[in-house]
Every structure is written in structure tokens, then in C-alpha cells.
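K.L.:
Below you'll find the structure I mean.
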Amino acid sequence: MKKLEYDLVIIGGGPAGLAAALEAKRNGVPKILICERAPYLGGILNQCIHNGFGLQYFKEELTGPEYASRFIEELENSDIDVKLGTMVMEIMVDKKVIAVNREDGMFQIDTKALILAMGCRERTRGAITIPGSRPAGIMTAGTAQSYVNLEGYLPGKEVVILGSGDIGLIMARRLTLEGVNVKGVIELMPYSTGLIRNKVQCLDDFDIPLLLSHSITEVHGNERLEGVTIAEVDKSFKPIEGTEQYVSCDTLLLSVGLIPENELSNNLGCEMDKVTRGPVVNEKRITNIPWVFACGNVLHVHDLVDNVTEEAEIAGKAAAAFINNKKNEVEKEVIITHDNNIGYVVPQHIDALNNQEQTIKFFLRVRNSDEDVRLIVKDNFNKTLLNLKKTIVEPGTMVTFNLPREFVTKDTSSIDISISKEQAQ
Amino acid sequence: MKTDVLIIGGGVIGASVAHQLARYNLDIILVEKASDVCMGTSKANSAMIHSGFNIDGDTLKGQLVLAANKVIKQLCQDLKVDLVKPLGSITVGFEEADLEKMKKTMANGIKNGIQGMKLLNQIELHEMEPHLNPDAKYGLFEPETGIINPFEYTVALAENAVINGAKVLLDTEVLDIIIENKTVTGVKTNKGDIATKIIINAAGLYADKIAAMVEDIDFEIKPRKGQYFLYDKKWRDILTYTIYSAPTKVSKGMIVVPTIDGNILAGSNAEAVEDKTDLRTTAQALDQIYTSAISHLFPELPRMGDVITTFTGLRASSTNEDFIIESAKTVTGFINAAGIQSPGLTSAPAIAAMIEGLVRAENRDLDFSPKANYEKGRQAPVQLSDLSYEERTALIEENPDYGEIICRCESISKGEIMDAIHRPIPATNMDAIKRRVRAGMGRCQGGFCGPKVLGILSKELGISPLEVTQKGSASFVLTSKNKELSLEEGDRNYEKIRV
């Protein structure tokens, strides 16, 4: 078996892997290798031919492939190595990575550090157990996006979309533009789970109904899908009897959530967060394994690629510091806690004594929509570190904020984040 | 077309009969109306090799399951089919009444010749299966139950028959049977007539319909529906043995069982239905199975999330609940293998041997001399996951397709998919690929590999992507090319969902 040696291996050549590699290079890592399973770099951005990427990071509006190409071009002008069509099979505790491709067969890479950037996958019909028959014509919105935008084929003529995740909303518009009749988007929750701008631009502008608090209770058809039964659901998401409605359609697209792809990380022994389903990390995106970093959708699912890039740069920089022999061990762990209105916060802990950065960036998701709330950050002395006004918070849009490093002292042992109306001033 | 023996049905029974008879100098044709073998009852079941400990040894199915257990290991070895046997099973009880039933079952098992059965006390039970519900009190261990991959098993039997000269005609439906002088002489199919001396009716759920074509109508197949959950491989370590829940008044007992590939399979209920195409799952039944069996036995298993898929199987139960393996009373040359419900998968080799006896007894001038160049096995497909890293490297050097991973969840290479398309029984649709090599069987259910598999099928079969199907006939995956759908067409059916 062939053996290679690198300072840094990055698994995944999507937006996270690309930005992490470039940032590590800028910070002086000599030998970097990106392993990407697809025959091209850019990951899922390649099938996202709609615009709206880069508003935060580049301050301009790009399509997915355009956004990716900015990084790919920079990468081509660097000496970062890339292996395409390459699948990582195993990561070993002794810093060895086993991968496979057509040219090298199975091969081993010895590395000093590793960045996990494998992205996420979509929830399937099975994962949410939609009852009924099992005909052709049911697929995830992302799979449909791949057929339409990469292969040039349409999955159907009359489409119902379950779930108002961003990919589902984007596909509602995309298919409508292809002449497909998108009959509606069915959403279990009482709110849209995608970005507000996608609901407006992809549904409202095309007169596509969004049915909130509804679900699909049965799939019909034996060979090809013939229709679905939809029903309204109560507060505990149980279908309300008597509200059933049959909708004929030949295609059902699912946009019901994304799951970070952490099989490799799990097998390696990374400590996982039950809510994000990604590794537990500190502000440098270091996992519980000191030479393993994680960023992008494998860490937690982002709604904007701009945030992925920013986070990947944190991981790339931290990996570079680690490789260049800077200390990496957490010296004084500060636990991040949060109230019940918040679903999760990344990072899950920070190092009180780390003074590499001026500010610490936090990413969080709320559980419920609300307006005019305050985001309050307190330390273990009950001292309010931040008190920020948020006009609107909703689960579909990630909330971010920066905590100045100076607010964390050597005596800080925990930081609590809350979102509420009561404390508004 | 003309043959000596025509087998109707490409399930495990039809395939076993073809495999059994292919050792002789007989012309054999197997016809299957679906696009692949293993598309009915053989496809959707518990994938278990029953030991027969809990079955009435005096029934035909009791005798056959016990007989099959004696030969199945060697058969699977010859055909290079994965079989885990013995694995062992534990029947789990919560009530004292369960213990009484277990004692009776144990006595029955001993009578059936099963050795090493043992009643377990609460401590022993939880030592053997630590993730069981702590409230479980009683256990009956039986060492001989096994597990198998039913698709691989059925395909292997059919492939071996093909290697030995049998023909398998897919997408071929029997429409009628030709009878002359009270003797069958052929069948009419959607693909033309086939003349034959013997017809074996292994049509599963439709065996009664086929039997009625020769007016042999003293039985009826009543489908009995059972629904299952398939769990992600990450739950593999939750159990070691096949776990039966103790039978109750409403249920004959359900199972939670590891699969050959490391998933967990759980189910199933039993519901009599009329419609032989009713493969629907229902929220009600799934909830009931989950509450009364799965979470009752293993509280850690979730209702959703790590469930890869749920599915329904239809058991082809006959009116008298036993297997019907006999020559027709109305005509010569027609043999029924009907009412094959559980443990049919296990019994298949014994059923095939019994059918051979019935074919010989038909006395229709058949050449039962052994085939000169008979192959008792088959070349197993390349399965990269079985090979060492060095072996894989050598293989990829020879054929780089084995180095291109198509299905990321199950790590299936392009080479393995290409092989499946070009084997003796070719896989020609998405689900057939899934059953052969597991591409699309994993946690993303083909979300990522689907478009790639479709592309490979289209290229290898020389058909348009629009012609590729999910599971044969009209189950097309795609409907048109981009820009092909006229906006008018969209407008014409412009209705939207409104509340």
C-alpha cells in the first residue's frame, strides 16, 4: 500500500475544506492535502446554481459555482495538493488516514493534523417514516437538484415538496422555472424552516402555497408515485382527523432536515453533540482529539455558506498553529451553557487562557421564532457580558455574535447565553 | 420456445427448484413477471434461518424446516452465500405466564431435536443481552437460529441454475396454461407461448391464481401483511441474538434481529388483507409495532431518526396454514409449491428436494441423468469490504473501477455495480443494484449515489437515463429532460394545494 506524508489532511473539498486549506496555507503549513470524493472541488455548491451566495463574505451576490470558483482559483495558484475521486475509508488514532481512489488504490497518509469537512446529508423518507407504498418518484430535494442542475433531467411534472428547508424552497422555484407544476410545500412546523428570503423569493413570488402545520400521512402508487394524502397536525404533530386531503402528484421531494456526516469522526472516537450531531469543539474548532479539527456542515448545519467559510478559516488557522508547534491543549475550560429557547451553541466550550484571537465568534440556533428579544451573555459571576437586541429570531436562520476575548478572564468557568423578552430594557 | 420443466415464480422457492433440477440433463425455464428475481415474499421478511424449535414438527412445514436445517450450511458454502448460523435466539418474557409457554416451547424444541436449549433467569438474560428492557424477567435461549441475506440467497440459487443451463426469463408473466388430454403442455405468457412437460407453480402470493388455471382450486392464498423497521448500522451493538418477544393474545410474537450486513431489523405484525399488492406501511401499525415490541424490548431504539426505512412484506399463507407441496389433482404435469409462508426461506432446499420427487413421480419421460459438467457453486461477486487493504489495491490496479466509490454510506465501488449489471442474472434497475451490492441501501438511501447509479445503468444498458427504472416496468426515476416540459403543460394542470 502506497504511503504519503503530509502536515495537514483535509477531508472534503467543499466550501469548508477549501477555506480551511487556504487559511492553513496562509498561516504557514507547508504540505496540505485535500481528499475529495467527487471528481471536482466545490462540493454541493456546484449544484446550487441559484444566486445569493457571498453576500456577507464577498459583499456581492454570487451563484454557488461562482462562490466555489473564487476559492478553487486561489487554490490552483497555491501548492496545496488535491486528490479528487478519493474516498477516505478510515482515520486511525495514530494519525494515519486510509483512502482509496482509481489511481492509487488503497493508500495511507501520515499526517500531523486533520480537518473534518465532510459536510452533511439529507434526511430521507425512512428517517421520518412516512407511511404508504414505495413507488418511484420520491427523493430528497438535493438529489432532485443534482438531477436537474448537474445531469439536466427533471424528476417529474407535478411535484409536492415536504419540508420547507432551504433546498426544498430553492427547488420549488427551480422546477417552476422548468415548467413543472409545484403544487405546494407542506411543513410540519407552524413556521417555515428555511431562510425568510427563500420563502419570499421562491414561494411567494411564484404563487406556490406553503401549508404550515401539515404533514403527509400516506404515499400512494405502486410503480410511480400517484399522489399523497396530506393532513393538518395538532400541537404534538399528530394528524387531525377529518383534515385529510388527497393531492395527486408524480413526484415527492423531501426537504426535512440535514444530518452532519460524521461516520468517520464517530469511528475515530470524536465526542459528539447530541443536538448538532457534530463533534463537540472549542473556539478553535478543535475536537476532543487534539490533532483533529472540524468545520462547516459536518460540525453543525449552516444556512449560509458565508458562515461556513468563516468557520473553516478559524479551523484552518488553528490547525496551522497546532502544526507550527503552538500549544493546543485547553488550559482552562469554560463551559458554554444556554437556556431552553436556544437549541444549540457552537463552540460548546472555550479556553479561558487562549489569547490568540481578539474576539470569539459564536453560532447558535433558537428553538422558536420570536420578535424584539434580547440576547444576553453572562459569566459565572452573573455579570452581563453582552446584551444585544435582536429584531427577529427564527429557527431557520442561524444567530451569530462576537464575544470580545477580554470579557473572559482566568477566573471565568462558565458562560451562559439566553434569549428572552423579559430582560429587554 | 420449448422446455422440460417450466417454473413459475422467481422467488426463493422457484430459484431453489431451478437450482435443484439443474443438476440433471433437463431443460429448465424459470419465468418471473417482475423485473428481477426475489421481488415478492422472498424480498421482505425477517431474513432468518429458523431452527424449527418453536414449530409443530408434525406439520409439513415442520418436517421441511428441520430437514432444510441439515443441508443449508453446505448449500450456502457451495453457493458462497453469507450465512450466520448458528446465531441463536432468545425468547423474552415479562410475565409468569410467559415462562409457562417457554417451558412448553422448550419441550417442543427438544422433541424437534434441537440441542442446547436453556431457560434463562433474569440475571442470565440481562448478561446475555444487556440492552434489553430491565423489566424483562424470563428468557428461553435456543442456539440454532441463523440469519441470511435473502436477496443474495435467492439470486445465488438462480445464478447457479443459469450457470448450469437453466433460462431465467424476467418480465414474463404467465397468462394461461395450455392443457391437452388433462395434461399440461405449455403456458401462454405476455412474451409468447412456451411448451413444457412439467409446470412448477411457485408463484407465491399468486399461486392460487396459477392453480386455478388448471382448475386445481382447493386452496386459496390469503396475504398476511407484516411491517418492519430497518435501523442504521450504528445500533448494531444493541443486541447479539435474534430476539423474539413472547407471543401474546394479539400477536404471535415479534422479532428484533441483526442482519447479515450489520443493521437491526425489527417487526413484524400480522394483518390479514385481501389485496395482494397492498405493500403499504401505515402509521398505526408502525406505532403499534414500535410501542408493543421494539421499545418494549429495547427502549433505546428510536421511533424515527436512525430508521433507514420501513417496509411491508406479504406472507403467502394458505387456507390451511401449512405448505401445499403436491401434484395437481386435476391434470398431469402440474406441481404446486404453494402457501409458502414462514419458514419458507429456511425450508427452500427441502421443498426443492421434495419437488424433485414429485417431478420424477410425474413420469413424463424426463432425463434425470446427471449433467456432465455440473457446477455446484458459483463465483461469488467481488465484495471489497471483505478484502484486506492489500487485496483491494491489487484488484484496483487490475480494474480501477474498484477504486471509484459510488455509494459512500456502504463504500460500494463502481466495479461492484458494473459486475452486478453483467452477472448471470443481470441487475437492470436501481433497486436490483441495491439488493445485489447495497448501493443505496445505506443511511442516505441513495440520496448521493442515486444519480450516479442511474448514470452507470443508463450507460451499461445502452438506454436513456429516462428509461432507467426504480424497480422495473413503469417505475421510471426521471420524466423528461430539462427545457422539454412545455410551459403550457404546466399551465394546464395548474391547480395548487389550498386549504
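The values are calculated or read from the model by the stated rules, or taken from the named source; none is laboratory data. All values derive from a computational prediction rather than experimental measurement. Note that each Cβ is placed from the backbone with ideal geometry, even for glycine, and that neighbours are counted across all protein chains shown. For the accessible areas, the whole protein counts, side chains as well, though only heavy atoms, and no ligand, DNA or RNA atoms are used. Shrake-Rupley method; radii C 1.70, N 1.55, O 1.52, S 1.80 Å.
K.L.:
Return the residues of segment A:1-17 that are assigned to a loop (DSSP other than H, G, I, E, B), in contact with a helix residue (DSSP H, G or I) (Cβ under 6 Å, 6 or more places away or on another chain) and either away from chain B (no Cβ under 14 Å) or small (Gly, Ala, Ser) (or both); say none if nothing qualifies. Steps first, answer last, please.
P.N.:
As a first pass, look at segment A:1-17 and keep what is assigned to a loop (DSSP other than H, G, I, E, B): A:1, A:6-7, A:12-14.
This time we only want the ones that are in contact with a helix residue (DSSP H, G or I) (Cβ under 6 Å, 6 or more places away or on another chain), so: A:1, A:7, A:14.
Within segment A:1-17, A:7, A:14 qualify.
K.L.:
What residue, of A:33, A:45, A:55, is part of a strand (DSSP E or B) and more than 14 Å from chain B (Cβ to nearest Cβ)?
P.N.:
A:33
K.L.:
Let me ask something else about it. Please list, ordered by residue number, the strands (runs of 3 or more DSSP E) wholly in segment B:290-397 having 2 or more residues that are touching a Pro at 6+ places or on another chain (Cβ under 8 Å). Spell out how you get there, then give the answer.
P.N.:
Numbers: elements: B:307-318, B:324-327, B:334-338.
Answer list for segment B:290-397: B:307-318.
K.L.:
Does segment B:446-460 hold any residues that are more than 7 Å from chain A (Cβ to nearest Cβ) and not in a loop (DSSP other than H, G, I, E, B), and which are they?
P.N.:
B:452, B:453, B:454, B:455, B:456, B:457, B:458, B:459, B:460
K.L.:
I've got another one for you. Find the strands (runs of 3 or more DSSP E) located wholly in segment A:370-425 whose residues include 3 or more that are out of contact with any strand residue (DSSP E or B) (no Cβ under 8 Å at 6 or more places or on another chain), and list them. Steps first, answer last, please.
P.N.:
Values: elements: A:370-379, A:384-393, A:399-404, A:414-420.
Counting at least 3 such residues, we get no strands (runs of 3 or more DSSP E) at all.
K.L.:
Hey, another quick one. Might you let me know whether segment B:38-56 holds any residue that is out of contact with any helix residue (DSSP H, G or I) (no Cβ under 9 Å at 6 or more places or on another chain) and surrounded by fewer than 22 Cβ atoms within 10 Å (Cβ to Cβ)?
P.N.:
No: segment B:38-56 contains no residue that is out of contact with any helix residue (DSSP H, G or I) (no Cβ under 9 Å at 6 or more places or on another chain) and surrounded by fewer than 22 Cβ atoms within 10 Å (Cβ to Cβ).
K.L.:
Of the residues that make up segment A:161-168, is at least one more than 9 Å from chain B (Cβ to nearest Cβ), open to solvent by 30 Å² or more (accessible area, probe 1.4 Å) and part of a loop (DSSP other than H, G, I, E, B)? Steps first, please.
P.N.:
Just the residues of segment A:161-168 that are more than 9 Å from chain B (Cβ to nearest Cβ), to begin with: A:161-168.
Restricting the remaining residues to those that are open to solvent by 30 Å² or more (accessible area, probe 1.4 Å) gives A:166-167.
Narrowing further to those that are part of a loop (DSSP other than H, G, I, E, B): none.
For segment A:161-168, residues more than 9 Å from chain B (Cβ to nearest Cβ), open to solvent by 30 Å² or more (accessible area, probe 1.4 Å) and part of a loop (DSSP other than H, G, I, E, B): absent.
K.L.:
Regarding segment B:79-94, can at least one residue be identified that is more than 29 Å from residue B:316 (Cα to Cα), surrounded by fewer than 20 Cβ atoms within 10 Å (Cβ to Cβ) and out of contact with any Leu (no Cβ under 7 Å at 6 or more places or on another chain)? It would help to see each step written out before you state the result.
P.N.:
Applying the first criterion (more than 29 Å from residue B:316 (Cα to Cα)) to segment B:79-94 yields B:94.
Checking which are surrounded by fewer than 20 Cβ atoms within 10 Å (Cβ to Cβ) leaves us with B:94.
Narrowing the set further to residues that are out of contact with any Leu (no Cβ under 7 Å at 6 or more places or on another chain) leaves B:94.
Within segment B:79-94 (the criterion being more than 29 Å from residue B:316 (Cα to Cα), surrounded by fewer than 20 Cβ atoms within 10 Å (Cβ to Cβ) and out of contact with any Leu (no Cβ under 7 Å at 6 or more places or on another chain)), the answer is yes, since at least one residue qualifies.
K.L.:
So, one more: Go through (1) in a helix (DSSP H, G or I); (2) open to solvent by 30 Å² or more (accessible area, probe 1.4 Å); (3) touching a Gly at 6+ places or on another chain (Cβ under 6 Å) one by one and return the number of the condition residue A:20 breaks.
P.N.:
(2)
K.L.:
Let me ask something else about it. Against the definition (open to solvent by less than 10 Å² (accessible area, probe 1.4 Å), within 10 Å of chain A (Cβ to nearest Cβ), over 23 Å from residue A:141 (Cβ atoms) and touching a residue at least 40 places away in the same chain (Cβ under 8 Å)), how does residue B:442 come out, yes or no? Working first, answer last.
P.N.:
Numbers: open to solvent by less than 10 Å² (accessible area, probe 1.4 Å): yes; within 10 Å of chain A (Cβ to nearest Cβ): yes; over 23 Å from residue A:141 (Cβ atoms): no; touching a residue at least 40 places away in the same chain (Cβ under 8 Å): yes.
Judged against the criteria, residue B:442 is not a match.
K.L.:
Tell me, please, whether a residue that is more than 9 Å from chain A (Cβ to nearest Cβ), over 21 Å from residue B:169 (Cα atoms), open to solvent by less than 50 Å² (accessible area, probe 1.4 Å) and part of a helix (DSSP H, G or I) can be found in segment B:421-431.
P.N.:
no
K.L.:
Can you tell me which residue in segment A:298-322 is nearest to the chain's Cα centre (by Cα), limited to those that are open to solvent by 20 Å² or more (accessible area, probe 1.4 Å) and closer than 21 Å to residue A:32 by Cα? Please lay out each step first, then the result.
P.N.:
As a first pass, look at segment A:298-322 and keep what is open to solvent by 20 Å² or more (accessible area, probe 1.4 Å): A:301, A:303-304, A:310, A:313-314, A:317, A:322.
After this cut, where a residue has to be closer than 21 Å to residue A:32 by Cα as well, the list is A:310, A:313-314, A:317, A:322.
Details: A:310: 13, A:313: 15, A:314: 16, A:317: 20, A:322: 25 Å.
So the residue we want is A:310.
K.L.:
Restricting attention to segment B:270-307, and to residues there that are more than 8 Å from every other protein chain (Cβ to nearest Cβ) and charged (D, E, K, R), which single residue is nearest to residue B:258 (Cα to Cα)?
P.N.:
Here the answer is B:300.
K.L.:
Continuing with this model, one more query. Hey, can you tell me all the residues within segment B:398-417 that are surrounded by fewer than 19 Cβ atoms within 10 Å (Cβ to Cβ) and either assigned to a helix (DSSP H, G or I) or in contact (Cβ under 8 Å) with a residue 40 or more places away in the chain (or both)?
P.N.:
Selection gives B:398, B:400, B:401.
K.L.:
Restricting segment B:165-183 to residues that are open to solvent by 70 Å² or more (accessible area, probe 1.4 Å) and among the charged types (D, E, K, R), which is nearest to residue B:331 (Cα to Cα)?
P.N.:
Among those residues, the one meeting the criterion is B:182.
K.L.:
Counting residues that are farther than 30 Å from residue A:314 by Cα, which strands (runs of 3 or more DSSP E) fully inside segment A:169-288 reach at least 2? Break it down stepwise before answering.
P.N.:
On the way: elements: A:181-186, A:214-220, A:227-232, A:245-248, A:251-254, A:258-260.
Hits in segment A:169-288: A:181-186, A:214-220, A:227-232, A:245-248, A:251-254.
K.L.:
Go through segment B:190-237 and give me each residue that's buried (at least 21 other Cβ atoms within 10 Å of the Cβ), in a strand (DSSP E or B) and more than 14 Å from every other protein chain (Cβ to nearest Cβ).
P.N.:
Selection gives B:194, B:196, B:197, B:198, B:199, B:200, B:201, B:221, B:223, B:226.
K.L.:
While we're here: Any residue in segment A:295-320 that's on the phi > 0 side of the Ramachandran plot: show its pairings with residues that are part of a helix (DSSP H, G or I) at Cβ separation under 7 Å, as long as the two are six or more apart or on different chains.
P.N.:
Taking only residues 6 or more apart or on different chains, the pairs are A:296/A:15; A:296/A:16; A:296/A:308; A:296/A:311; A:296/A:312.
K.L.:
Check A:198, A:222 and return the single one that is open to solvent by 10 Å² or more (accessible area, probe 1.4 Å), of a type in the set (S, T, N, Q) and within 10 Å of chain B (Cβ to nearest Cβ).
P.N.:
Details: A:198 fails: within 10 Å of chain B (Cβ to nearest Cβ).
Being open to solvent by 10 Å² or more (accessible area, probe 1.4 Å), of a type in the set (S, T, N, Q) and within 10 Å of chain B (Cβ to nearest Cβ) holds for just one of A:198, A:222, which is A:222.
K.L.:
I would also like to ask the following. So in segment A:144-159, with the set limited to residues that are open to solvent by less than 10 Å² (accessible area, probe 1.4 Å) and at the interface with chain B (Cβ under 7 Å from one of its Cβ atoms), which one is farthest from the chain's Cα centre (by Cα)? Walk me through how you get there before you give the answer.
P.N.:
Filtering segment A:144-159 for residues open to solvent by less than 10 Å² (accessible area, probe 1.4 Å) gives A:144-145, A:147-148, A:154-156, A:159.
Now restrict to residues that are at the interface with chain B (Cβ under 7 Å from one of its Cβ atoms): A:147-148, A:154-156.
Details: A:147: 21, A:148: 22, A:154: 26, A:155: 25, A:156: 28 Å.
My answer is A:156.
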